[in-house]
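Asks: Below is one structure. I have some questions about it.
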Amino acid sequence: MVNSDDFSKRLQKILEYYDLSAAAFSDAIDVGRSSISHILSGRNKPSLDFVLKVIQTYPEVELYWLLNGKGSFPNTPGKTQTPEKQTKQASSTSPAQTVSDDLPAKTSFSENSDKSSADKKIRKIVIFYQDGTFEAFEN
């Protein structure tokens, strides 16, 4: 779980490093100014969308440092990331594409599967869109 007070201190460090006001930062990552204010004050915790926008817009910000305070800021390439990860970050993909690239692909269902899978019932389906939004359908 992310500690709101510690997260807000790390966010403040990012603002100071880039010499940005909260308003300029919110415009740069395309979030509402009140969101920044609420996170900086510790009132709200950051959303996944917020965190993804920060690390996409500012590649020097390391995800684990931002969330947990572990690692370093500014991130020095090669020190904490493998070359494969750096290549993926450098490509221009949406957060949804980046996440899906790291997940194993599920093959299509075969009717010849063992009978135990025929007894399984679907409990929940989650659809992730490229714009970072999602829909969940539960049975």
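Asks: Suppose the filter is over 21 Å from Val2 (Cα atoms) and modelled with pLDDT under 50; does Ala90 pass it?
Replies: Taking the combined requirement at face value, the residue satisfies it.
Asks: Separate question: Restricting the search to the stretch 122-137, which residues are surrounded by 10 or more Cβ atoms within 10 Å (Cβ to Cβ) and of a type in the set (Val, Ile, Thr)?
Replies: Hits for the stretch 122-137 are Ile125, Thr133.
Asks: Next up: Being within 12 Å of Ile14 (Cβ to Cβ) and surrounded by fewer than 17 Cβ atoms within 10 Å (Cβ to Cβ) is the filter here; which residues of the stretch 26-35 pass it?
Replies: Selection gives Ala28 alone.
Asks: Quick one: in the stretch 36-72, of everything that is hydroxyl-bearing (Ser, Thr, Tyr) and within 16 Å of the chain's Cα centre (by Cα), which residue is surrounded by the most Cβ atoms within 10 Å (Cβ to Cβ)?
Replies: Tyr58
Asks: Say whether the condition of being exposed (fewer than 14 other Cβ atoms within 10 Å of the Cβ), at pLDDT 85 or above and acidic (Asp, Glu) is met by at least one residue in the stretch 14-23.
Replies: yes
The values are calculated or read from the model by the stated rules, or taken from the named source; none is laboratory data. What you are looking at is a predicted structure, and each value in this text was computed from that prediction instead of being measured. Counting neighbours? That spans all protein chains shown, and the Cβs are built from the backbone with ideal geometry, glycine included.
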